[in-house]
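Enquirer: So that we are looking at the same thing, I have put the structure below in structure tokens.
Read-outs: derived from the displayed coordinates by stated rules, not from any lab. Everything numeric in this text was worked out from a predicted model, so none of it was measured. Glycine gets a Cβ as well: all are built from the backbone with ideal geometry, and neighbour counts include every protein chain shown.
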Amino acid sequence: MIAILIAGIVATIFTTMNYYTQLQSNVLKQQNTKTILEVVRSRLINLSKDVDDDSYFELLKEDTNDSTLPIVVGLGTDAWAKRIYYYTIDLGIENTVDSNYSDTNTSISPNNNILGRLVSMGEDMKLSTTDTDSTAQGDDIMLEIGIGEVNHFKLYGSSEITTQTRGYNSAIVSDTEPTTPINGALWFDTNNSALKIYSQTDNNWTSL
């Protein structure tokens with residue numbers, strides 16, 4: 001009787017230990033997946049180009065068959081070894097110049113100024129987040145790439161940021177016009193002590 005009781009206690013202890021081990025493992029995988037998405041995001045921003053010269057950078061295009069990352073990024077799976085879903089949109093004139101880069105105007109997010117979206121299915125390995133969801137659903141892990149992030153990275157000495165709007169809120173400070181301005185870029189003209197914004201419509205800098 002005592003042996004049966006001890007065996008039951010031991011079994012309970014091992015079951016509890018396995019539960020907490022699994023719990024810790026999944027927490028660690030969630031953290032690692034977030035890191036993986038950040039690394040992928042950085043690589044995508046670095047590889048982005050304005051391939052069609054419309055003053056909007058394009059991200060590398062996803063595989064249109066299964067919405068996966070292009071091989072050149074180097075990472076394609078999360079910490080659960082499941083594929084990362086990847087979606088892009090071309091916010092400017094539809095790209096017909098380079099098929100390796102985003103060329104669709106189909107919405108991927110209800111959030112404003114989003115160029116790309118990365119989604120991990122999370123622990124349950126079921127994709128719950130759709131293009132109409134502004135935040136990750138279920139236990140999905142999502143990271144979006146904003147146009148401001150890409151513009152800032154390309155315009156301001158490859159200095160990364162993590163917000164969508166800072167690219168427009170940071171100004172280039174110089175005494176001469178920036179040579180490759182992007183629509184909405186800010187420039188502080190030190191010669192005239194004036195803050196100006198670039199408009200692609202008339203290709204001019206307008207004082208604010």
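Enquirer: So what are the ³J(HN,Hα) numbers for the range 51-56, from phi and the Karplus equation (6.51, -1.76, 1.60; θ = phi - 60°), rounded to whole Hz, Gly and Pro as x?
Expert: 5, 10, 6, 9, 6, 10
Enquirer: Where a Cα-Cα gap under 18 Å defines reach, which aspartates and glutamates qualify for Lys154, not counting those fewer than 8 residues away within the same chain?
Expert: Lys154 reaches Glu38, Asp50, Asp52, Asp53, Asp54, Glu58, Asp90, Glu144, Glu177.
Enquirer: For Ala194, enumerate residues with amide H under 5 Å from its amide H, sequence gap 5+ or separate chain, H modeled in the peptide plane.
Expert: Those qualifying (amide H under 5 Å, at least 5 residues apart or on another chain) are Asp189.
Enquirer: Let me ask you something else. Under 30 Å from the Cα of Lys29, which lysines turn up, not counting those fewer than eight places away in the same chain?
Expert: List returned: Lys61, Lys82, Lys126.
Enquirer: Can you compute the modelled spin-label distance between Met125 and Asp53, with each label point 7 Å from Cα toward Cβ, in nm?
Expert: Calculated label separation equals 4.9 nm.
Enquirer: Could you pull the Rg and Dmax for the range 68-107, using just the Cα atoms, both in Å?
Expert: When restricted to the Cα atoms of the range 68-107, Rg and Dmax are 12.5, 37 Å.
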